[in-house]
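Visitor: Right, I'll just put the structure down here and ask away after.
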Amino acid sequence: MMRKELLKDPRVVRIVAPFLVGIVLVGSWQIVCVAFKVPVYLVPTPLNILQTLIANFGSLFAALLVTLKITLLAFLCAVVLGVAMAFLLVQGRIIEVSLFPYAILLQVTPVVAIAPLIIIWVKSPTPALVVCATLVALFPIISNTVLGLRSVNPGLLNLFKLNRATRWQTLVRLRIPSALPYFFGGLRISCGLALIGAVVAEFVAGTGGSGAGLAYQILQAGFQLNIPLMFAALLLIATTGVALFSCMAWLTHLSLRHWHESEMG
Amino acid sequence: MLMKCQEIDSVVSTVSPDSDTVLFANRVDKTYPNGTHALDDVRLRIQRGEFVSLLGPSGCGKSTLLRMFAGLEMPSAGHLRWWNEPRMPDYRQGRSMAMVFQEATLMPWADVASNVRLPLDLCKAGVEEREARVAQALELVGLSKSHKSYPRELSGGMQMRVSIARALAMQPNLLLMDEPFGALDEFTRNKLDADLRALWANRDLTVVFVTHSIYEAVFLSSKVVVMGASPGRVIGEVDIEGPAVRDENFRVSPEFLHYCQVLSDLLTRANVEHD
């Protein structure tokens with residue numbers, strides 16, 4: 001009886017269902033590997049990966065912190081720059097028409113292609129990597145925030161005009177709240193892109209030594225054909241991405257739960 | 001045109017404004033850039049304390065006229081006066097204006113009290129005064145208990161009440177309403193009509209009410225301005241002499257039906273002329 005009610009709770013289902021899928025997938029992976037005696041240098045078993053992860057946790061975790069630092073710095077830069085640019089773009093049609101193509105240019109240029117250039121220009125490694133990752137994460141913030149700042153209910157705009165709201169009042173009380181759902185949508189896309197940008201930039205830069213991130217761990221493991229170590233590093237990157245996304249989803253929920261349709265039910 | 005109107009027992013007022021005139025439109029014309037002739041030579045005088053309905057089919061420019069009175073649109077020709085001044089007055093005692101739109105137009109992210117407080121926040125009224133006025137306005141529309149609710153938690157009728165409370169919080173002397181109850185079911189609409197009529201009767205308030213319902217216009221108004229379409233123009237003005245306190249009995253009285261008949265005839269003839 002109790003169990004049935006618990007399973008009906010949508011919050012429980014939301015956690016339990018994907019968890020079960022994960023267990024089934026990992027379980028069958030383990031079984032297939034063991035049953036067909038797949039060699040460990042091709043596909044390691046989940047148990048194998050876990051053992052490697054625990055054995056190398058110190059170095060992997062240090063690398064994770066490096067990658068995470070770059071990701072978060074880049075994400076922060078992207079949010080600040082993206083929002084600033086969005087505000088600039090909505091100031092007038094002419095500004096938008098003349099600048100938006102360059103924002104798109106930013107989006108379509110592959111980071112792998114410009115990373116070497118940035119690494120030459122910016123000498124110290126961390127800022128260079130942050131710049132690369134920021135470029136990747138920037139566009140969704142700009143485009144979503146612009147869309148949001150424009151998506152104002154025309155009736156409310158009339159109401160503000162009727163009450164002689166100043167430009168500033170209209171911005172703070174109307175445009176910014178209207179833009180929030182779109183902005184948060186941008187955050188969710190952008191946080192994942194910041195991580196991808198950070199890892200890709202690390203690959204291209206190939207920075208080694210004590211300040212190396214997870215990408216370097218993967219490269220090294222590849223050279224040594226240490227496949228379980230590669231998987232362990234991959235697992236950490238994936239987990240970080242999911243954690244970042246969950247943080248953004250939680251932030252969205254906190255800000256929109258009272259009023260926006262996306263956070264209902 | 002004027003001749004035909006007089007035949008059916010109504011006169012377009014061509015009188016000049018006096019000290020009691022709240023709104024005055026003189027030879028107002030509106031043509032949009034795309035060529036739509038929304039209003040043609042509109043003359044209208046609205047006196048202090050009147051409840052005036054603008055009645056007509058869609059496309060007769062009644063909403064355009066209302067939006068001009070609200071300062072949201074400019075006439076292409078002719079001029080408007082507010083309290084005998086050529087420009088919309090700044091907010092001050094005795095000359096404040098508020099508008100209620102077709103939809104409730106509430107901020108979904110703000111609770112009911114904050115929505116009602118918005119115009120007071122925008123004109124930077126005293127903080128204590130704001131709270132008092134919000135509470136008072138919500139009480140007038142019977143929503144005191146819902147002040148912490150969010151708009152999406154309310155029914156359409158309640159949302160409209162919040163919208164009206166927001167207008168009342170400004171303690172307006174002139175209230176412009178653009179088909180406010182058009183999207184509501186008939187029972188809710190009748191109830192809100194009755195409440196609105198009672199609100200108007202108890203204060204120094206002039207109301208301009210846009211509607212396409214003949215019944216609503218007769219029930220609410222002290223004067224109905226009948227408008228025709230393409231181009232939008234005033235066909236006639238009909239004074240409604242009904243009882244001061246109007247209730248459901250008024251809706252079924254012979255008087256009420258008589259006025260409905262008069263207005264209906266006016267509208268029909270205008271359309272026949274046009275065709």
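The values are calculated or read from the model by the stated rules, or taken from the named source; none is laboratory data. Given the structure is predicted, the values throughout are model-derived calculations rather than measurements. So basically every Cβ, Gly included, is an ideal-geometry build from the backbone, and we count neighbours across all protein chains shown. Note: accessible area is taken over every heavy atom of the protein model, side chains too, but ligands, DNA and RNA are not part of it. Shrake-Rupley method; radii C 1.70, N 1.55, O 1.52, S 1.80 Å.
Visitor: Quick test of the membrane-span-like rule: which DSSP H helices of chain A reach at least 24 Å along their long axis (C-alpha atoms) with mean Kyte hydropathy at least -0.5?
Guide: Qualifying helices: A:10-35, A:57-89, A:125-150, A:176-205, A:227-256.
Visitor: Give me the Debye-computed log₁₀ of I(q)/I(0) at q = 0.12, 0.20 Å⁻¹ for the range B:107-171, equal point scatterers on Cα only, no solvent, two decimals.
Guide: The computed values of log10 I(q)/I(0) come out as -0.23, -0.65.
Visitor: Considering only DSSP beta bridges with both partners in the protein assembly as shown, what is the antiparallel share in %, to the nearest 5?
Guide: Close to 50 percent.
Visitor: In deg cm²/dmol, rounded to 500, what helix-only [θ] at 222 nm does chain B give when every DSSP H run of at least 4 residues adds -39500 (n - 2.57) and the total is split over its residues?
Guide: -11000 deg cm²/dmol
Visitor: Okay, moving on. Within 10 Å, count the other beta carbons around each residue, average over each peptide in A:107-120, A:189-202, and list them highest first.
Guide: Highest mean packing first, the order is A:189-202, A:107-120.
Visitor: Then there is this: What is the distance, in nm, between label points placed 7 Å from the Cα along the Cα-to-Cβ direction at B:ASP90 and at A:GLN107?
Guide: Result: 4.5 nm between the two label points.
Visitor: Kindly provide the chymotrypsin sites (Phe, Trp or Tyr not before Pro) of the range A:33-112 that DSSP labels as loop, not H, G, I, E or B, and whose Cβ sees at most 16 other Cβ atoms within 10 Å.
Guide: Here the chymotrypsin sites (Phe, Trp or Tyr not before Pro) that fit, given the DSSP loop and packing criteria, are A:PHE36, A:TYR41.
Visitor: In a shell of Cβ-Cβ distance under 10 Å around B:MET160, excluding B:MET160 itself, what net charge do Lys and Arg (+1) and Asp and Glu (-1) give?
Guide: Cβ neighbours under 10 Å give a net charge of +1.
Visitor: Once both labels are modelled 7 Å past Cα along the beta-carbon direction, what's the B:VAL245-B:GLU131 spacing in nm?
Guide: Rounded to a tenth, the inter-label distance reads 3.6 nm.
Visitor: Ok, one more. Placing +1 at every Lys and Arg Cβ and -1 at every Asp and Glu Cβ, with all other atoms neutral, what dipole size does the range B:107-171 have around its Cα centre, in debye to the nearest 20?
Guide: Dipole size: approximately 140 debye.
Visitor: Now a separate question. For every other residue with a beta carbon closer than 12 angstrom to the beta carbon of B:LYS223, add +1 if it is Lys or Arg and -1 if Asp or Glu, then tell me the sum.
Guide: -3
Visitor: Among A:TYR216, B:TYR215, B:TYR150, what's the order by accessible area (1.4 angstrom probe), most exposed first?
Guide: Putting A:TYR216, B:TYR215, B:TYR150 in descending order of accessible area: B:TYR215, A:TYR216, B:TYR150.
Visitor: Let me ask you something else. Specify the residue with the greatest mean-square fluctuation among B:VAL252, B:VAL28, B:VAL208, computed from a Gaussian network of chain B linking alpha-carbon atoms under 10 Å apart.
Guide: B:VAL252
Visitor: Then there is this: If you fit an axis through the alpha-carbon atoms of helix B:156-168 and take the longest principal axis of the Cα set of chain B, what angle between them do you get, 0 to 90°, nearest 10?
Guide: It works out to around 90 degrees.
Visitor: Right, something else. As I understand it, the dipole of the protein assembly as shown uses +1 on the Cβ of Lys and Arg and -1 on the Cβ of Asp and Glu, about the Cα centre. Which of B:GLY71, B:LEU199, A:TRP29 lies farthest toward its positive end?
Guide: A:TRP29
Visitor: Still on this model: Can you list the residues, at least 5 places off or on another chain, whose amide H is less than 5 Å from the amide H of B:GLY59, using H built in the peptide plane?
Guide: none
Visitor: Using 0.36 nm per residue, how much length does the chain from A:ILE120 to A:LEU50 gain when fully extended, once their Cα-Cα distance is taken away?
Guide: 21.4 nm
Visitor: Also: 222 nm [θ] for chain A, helices only, -39500 (n - 2.57) per DSSP H run of 4+, per residue, to 500?
Guide: Helices in chain A give a 222 nm mean residue ellipticity of -27000 deg cm²/dmol.
Visitor: Turning to a different aspect of this structure: Can you pull the three principal axis extents for the Cα set of chain B, in Å, largest first?
Guide: Ordered largest first, chain B gives principal extents of 56, 42, 37 Å.
Visitor: Still on this structure: Counting only other chains, and only Cβ atoms inside 10 Å, what mean value do you get across the residues of A:158-168?
Guide: The mean count of partner-chain Cβ atoms within 10 Å per residue comes to 6.
Visitor: Please report, in debye to the nearest 20, how large the charge dipole of the range A:61-257 is about its Cα centre when each Lys and Arg carries +1 at its beta carbon and each Asp and Glu carries -1 there.
Guide: It comes to approximately 860 debye.
Visitor: Under a crude label model (7 Å from the Cα following the beta-carbon direction), how far is A:THR166 from B:ASN202 in nanometres?
Guide: 3.7 nm
Visitor: Considering only DSSP beta bridges where both residues belong to the range B:125-275, give the percentage that are antiparallel (nearest 5).
Guide: Percent antiparallel among DSSP bridges in the range B:125-275 is about 55.
Visitor: At q = 0.11, 0.12 Å⁻¹, what log₁₀ I(q)/I(0) does a Debye calculation on the Cα points of the protein assembly as shown give, no solvent, two decimals?
Guide: Values, matching the q order: -1.00, -1.11.
Visitor: Per-residue Cβ counts within 10 Å, from other chains only, averaged over A:173-183: what number is that?
Guide: Whole-number average of other-chain Cβ neighbours for A:173-183 is 2.
Visitor: For the range A:61-257, which whole percent of the accessible surface, found with a 1.4 angstrom probe, sits on carbon and sulfur atoms?
Guide: Roughly 75 percent, rounded to a whole number.
Visitor: Compute for chains A and B the buried accessible surface, both sides summed, probe 1.4 Å, and express it in Å² to the nearest 100.
Guide: Between A and B, the summed buried area is about 2100 Å².
Visitor: If each residue of separation counts as 0.36 nm, what is the full-extension length gain between A:PHE19 and A:SER59 once their alpha-carbon separation is subtracted?
Guide: Working it through step by step, the gained length comes to 11.6 nm.
Visitor: Let me ask something else. For B:VAL22, what residues show an amide H to amide H distance below 5 Å, using hydrogens built from the backbone and excluding near sequence neighbours?
Guide: The list, which skips near neighbours in sequence, is B:ILE46, B:GLN47, B:ARG48.
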